[in-house]
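Take a look at the structure below.
The values are calculated or read from the model by the stated rules, or taken from the named source; none is laboratory data. Since this is a predicted model, take the numbers as computed values, not measurements. Virtual Cβ from ideal backbone geometry, glycine too; neighbours counted across all protein chains shown.
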Amino acid sequence: MMRSWILPMLFVLCGLMVATGVFLGGSSGEGAAILLMFVLLAAVNSSLIFPRSIGAQEAQRRSAADGRPVIFWRPGCTYCLRLRTRLGRSARRAHWVDIWRDPAGAAVVREACDGNETVPTVFVGGRPHINPDVEWVRGQISSQ
């Protein structure tokens, strides 16, 4: 669980260090802007903007029942972030699995990706699609 928060914590710590230097230099407005920028970077790279993750087994069970895609992702992945932001509100209709929080999810992805943890990996109807086109994923979500 801590692994997914390492990058956001690093952003906040770096922001505090840089902003402190700017504050000590006498520019409080610039220091506040820099700190805000680093906090926003931390939020974007955290688990906060993604729908609540569930375990791989639970996601696969739910997907079998409702036909919705299962999206395997990890914090800090720019491709996952791009997929999440471009899906917009419809992202909540998919089942999301954070492979850093769920070892079974990481194993599923490694099996589908020849031993690599390549994300985002989207499962639709039990078939894996590695880093698929956003429009295709949106179509899979909206068809359910």
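Identify, please: which residue in segment 79-115 is assigned to a helix (DSSP H, G or I) and crowded, with 21+ Cβ neighbours inside 10 Å and is, among those, nearest to the chain's Cα centre (by Cα)?
Taking segment 79-115 as the starting set, the residues that turn out to be assigned to a helix (DSSP H, G or I) are 79-93, 103-112.
Right, trim to crowded, with 21+ Cβ neighbours inside 10 Å and you get 80, 83-84, 105, 108-109.
Working: Cys80: 5, Leu83: 9, Arg84: 7, Gly105: 14, Val108: 17, Val109: 15 Å.
Selected residue: Cys80.
Output the residue which, of all residues in segment 46-60 that are in a helix (DSSP H, G or I) and modelled with pLDDT under 75, is nearest to Val108 (Cα to Cα).
Only one residue tops the list, namely Ser47.
Is segment 22-35 home to any residue that is modelled with pLDDT of 90 or more, touching a helix residue (DSSP H, G or I) at 6+ places or on another chain (Cβ under 7 Å) and acidic (Asp, Glu)?
Yes; the residues of segment 22-35 include at least one that is modelled with pLDDT of 90 or more, touching a helix residue (DSSP H, G or I) at 6+ places or on another chain (Cβ under 7 Å) and acidic (Asp, Glu).
Give all pairs with beta carbons closer than 8 Å in which a residue from segment 25-49 that is among the charged types (D, E, K, R) meets a residue that is part of a helix (DSSP H, G or I); count only pairs at least 6 apart in sequence or on separate chains.
Glu30/Val22
I'm told Asp66 meets every condition in (1) surrounded by fewer than 14 Cβ atoms within 10 Å (Cβ to Cβ); (2) touching a Gly at 6+ places or on another chain (Cβ under 6 Å) except one. Can you identify the failing condition by its number?
Checking Asp66 against (1) surrounded by fewer than 14 Cβ atoms within 10 Å (Cβ to Cβ); (2) touching a Gly at 6+ places or on another chain (Cβ under 6 Å), the one that fails is (2).
So, in segment 117-141, exactly how many residues are outside any loop (DSSP other than H, G, I, E, B), over 18 Å from Arg89 (Cα atoms) and not aromatic (Phe, Trp, Tyr)?
Qualifying residue count for the region: 6.
Those residues that are over 23 Å from Ile6 (Cβ atoms) and either at pLDDT below 90 or buried (at least 16 other Cβ atoms within 10 Å of the Cβ) (or both), I need them from segment 116-129; list them, please.
Matches in segment 116-129: Val122, Phe123, Val124, Gly125, Gly126, Pro128, His129.
From the residues in segment 4-21 that are small (Gly, Ala, Ser) and modelled with pLDDT of 85 or more, which one is surrounded by the fewest Cβ atoms within 10 Å (Cβ to Cβ)? Quick ask: steps written out before the conclusion?
Restricting attention to segment 4-21, the residues satisfying the condition of being small (Gly, Ala, Ser) are 4, 15, 19, 21.
Right, trim to modelled with pLDDT of 85 or more and you get 15, 19, 21.
Details: Gly15: 20, Ala19: 22, Gly21: 12.
By that ranking, first place goes to Gly21.
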